[in-house]
Amino acid sequence: MKPVSSLENKSEHDFNLSTISSVINNVGTSVAKVFDSEPTPQSGMVFDRSFIILALVMYMIGLVMVASSSMPVAERLFNNPFHFVIRHTIYIVLSLGIAGVALQIPMAWWQKNSSYLLIFGIFLLVVVLLIGRSVNGSTRWIVLGPITVQAAEPAKLFFFCYLAAYLVRRRDQVMEDWKGFAKPLVVFAVLAGLLLRQPDLGTIIVMFVTTFGLLFLAGAKLWQFVSLASVGILLLSLLAIFEPYRWRRITGFLDPWEDPFGSGYQLTQSLMAYGRGEIFGQGLGNSIQKLEYLPEAHTDFVMAVLAEEFGFIGIASILALSMVLVFKALMLGKKALAKEKFFEAFFAYAIGIWVCFQAAVNVGASAGIVPTKGLTMPLISYGGSSMIIMTLAVVILVRIDHELRMQSIQATSSKRKSRKAGEMNE
């Protein structure tokens with residue numbers, strides 16, 4: 001009887017192992033299907049919904065933080081604590097409306113009209129210097145009735161669109177010839193000159209880093225990058241040294257406590273907000289620094305208020321959301337490149353680098369890691385132009401993903417039709 005018992009136990013053991021193995025395989029297959037970016041015709045997934053979910057989540061977080069951080073200054077300036085909240089809500093609704101229209105535009109249109117979009121961006125930068133409104137010594141806004149347009153925001157997007165199209169047309173020249181490498185830098189120099197007249201050094205740095213990254217991905221040679229980086233660092237250093245207010249920002253950033261009520265005032269107040277937040281924060285609405293101790297609390301330094309009210313956990317969550325958005329943009333660019341959709345690939349790469357660097361500079365400035373540059377936190381900070389353009393950038397990513405998926409679906413359908421035709425012929 002014992003041998004029989006042992007055989008039964010062995011068979012039960014083998015059955016359990018095979019069952020567990022089968023379950024693990026099924027789970028693995030299911031997980032692979034969930035994360036597989038290649039759709040099947042039956043799935044009905046013609047675009048990546050996670051882009052929209054990420055944008056909406058960041059919208060809502062931004063709306064809550066703008067409401068929390070702007071009420072004291074809105075009450076003093078407009079006798080209405082909800083002034084900036086109402087305007088920010090309008091910007092979100094307007095962004096969603098523009099997104100609905102832009103989603104219908106094929107990527108071929110962006111590539112075909114990239115030069116015209118660049119010219120329009122340059123036109124806006126010229127117009128803002130002629131009739132723009134000055135705020136805190138900077139002339140960056142075009143006033144159109146109740147709406148103000150920050151010309152640098154569309155100029156960034158249109159320049160990246162032009163650069164992506166240029167790299168498609170002249171990729172071989174960029175890789176082999178100095179002239180092909182230098183031409184987009186001439187266009188960048190024109191934009192940089194106009195932006196310096198505002199002045200807006202932060203936007204120039206974002207555009208420079210994105211251009212640098214795209215040229216690297218396009219296959220430019222190492223010596224070209226060394227030359228570009230050396231010239232860029234030299235020029236940026238000269239701009240900081242020979243402009244007194246920029247030099248004060250740098251010295252204030254290095255040691256803000258040396259002049260806590262002068263050049264280091266904004267940063268010291270921001271650091272106090274970070275310090276009070278600790279791990280879990282003081283709770284929503286319990287920030288002290290937003291009570292007009294911290295200037296620009298709802299725009300450039302909204303992350304400091306978020307750090308004070310939600311602590312390290314809040315900042316880490318926002319950075320995680322931004323990181324996921326950037327990672328998905330870069331992976332989308334990689335997928336487009338594999339399918340030889342070069343314009344879409346370079347455009348997705350540009351958006352990913354742009355969002356990544358701008359978010360890093362915004363958080364880094366409020367945390368005292370880099371000098372303050374006046375850059376908004378993508379999809380979080382108050383600001384209509386930034387909100388609309390960043391929404392447009394996300395919509396372009398959705399459109400790229402949609403076209404790649406449709407291409408895969410059509411290719412799959414064609415293969416099935418040809419296979420069926422072959423079977424019928426047999």
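Any read-out appearing in this document is the output of simple, stated calculations on the displayed coordinates, not a laboratory observation. Predicted model only: the values in this text are computed from it and were never measured. Neighbour counts are summed over all protein chains in view; Cβ atoms, including those assigned to glycine, are modelled from backbone coordinates with ideal geometry.
Label separation (Arg76 vs Ile53): 4.1 nm, computed from points 7 Å beyond Cα along the C-beta direction.
Classify region 272-378: rounded, prolate or oblate, from the alpha-carbon gyration tensor (a ≥ b ≥ c, eigenvalue square roots; a/c under 1.5 rounded; otherwise prolate if a/b is larger than b/c)? Cα axes put region 272-378 in the prolate bin. Our coupling estimate for region 179-190, obtained by passing each phi through the Karplus curve with A = 6.51, B = -1.76, C = 1.60 and θ = phi - 60°, is 5, x, 6, 7, 4, x, 5, 5, 4, 4, 4, 4 Hz, Gly and Pro reported as x. The simple Förster model, with R0 at 35 Å and r as the Cβ-Cβ distance, assigns Leu130 and Ala189 a FRET efficiency of 0.95. Computed from backbone phi, the HN-Hα couplings of region 346-357 come to 5, 5, 5, 4, 4, 5, x, 5, 4, 4, 4, 5 Hz, rounded to whole numbers (Karplus: 6.51 cos²θ - 1.76 cosθ + 1.60, θ = phi - 60°; Gly and Pro given as x). If only the Cβ of Lys and Arg carry +1 and only the Cβ of Asp and Glu carry -1, the dipole of region 278-348 around its Cα centre is close to 640 debye.
Each residue, Leu103 and Met406, gets one label point 7 Å from its Cα in the Cβ direction; the gap between the two is 1.3 nm. Calculated FRET efficiency, Val226 to Lys179, Cβ-Cβ distance, R0 = 30 Å: about 0.95 to the nearest 0.05. Let me know the shape class of region 123-214, please: from the alpha-carbon gyration tensor, a ≥ b ≥ c as square roots of the eigenvalues, rounded when a/c is under 1.5, otherwise prolate if a/b is greater than b/c, or oblate. Cα axes put region 123-214 in the prolate bin. Taking the average, over residues, of other Cβ atoms within 10 Å as the packing measure, peptides 269-279, 157-167, 186-196, 58-68 rank 157-167, 58-68, 269-279, 186-196 from highest down. Taking a ≥ b ≥ c as the square roots of the eigenvalues of the alpha-carbon gyration tensor, region 37-133 is classed oblate because a/c is 1.5 or more while a/b is no larger than b/c.
Only Cα pairs under 8 Å and 6+ residues apart enter the sum, and on that basis the relative contact order of region 70-216 stands at 18 percent. Between their Cα atoms, which of Lys183/Lys373; Lys341/Lys373; Lys179/Lys373 are more than 29 Å away from each other? From the list (Lys183/Lys373; Lys341/Lys373; Lys179/Lys373), the Cα-Cα distance tops 29 Å for Lys341/Lys373; Lys179/Lys373. Rounded to whole Hz and in sequence order, give me ³J(HN,Hα) for region 289-305 from the Karplus expression 6.51 cos²θ - 1.76 cosθ + 1.60, θ = phi - 60°, writing x for Gly and Pro. The phi angles translate into 5, 6, 7, 6, 7, 9, x, 6, 5, 9, 10, 5, 10, 5, 5, 5, 5 Hz. Among Arg405, Arg197, a tally of other beta-carbon atoms within 10 Å of each Cβ gives an order, fewest to most, of Arg197, Arg405.
The separation of region 258-307 from region 96-120, counted between C-alpha centres, amounts to 38 Å.
Placing a label point 7 Å from the Cα of Leu236 along the Cα-to-Cβ direction, the residues of region 355-379 whose backbone N falls under 20 Å from that point are 355-378.
The distance separating the Cα centre of region 150-185 from that of region 363-407 comes to 20 Å. Close amide H pairs (under 5 Å, H built 1.01 Å from N) link Arg140 with Arg133, Val135, residues at least 5 positions away or on another chain.
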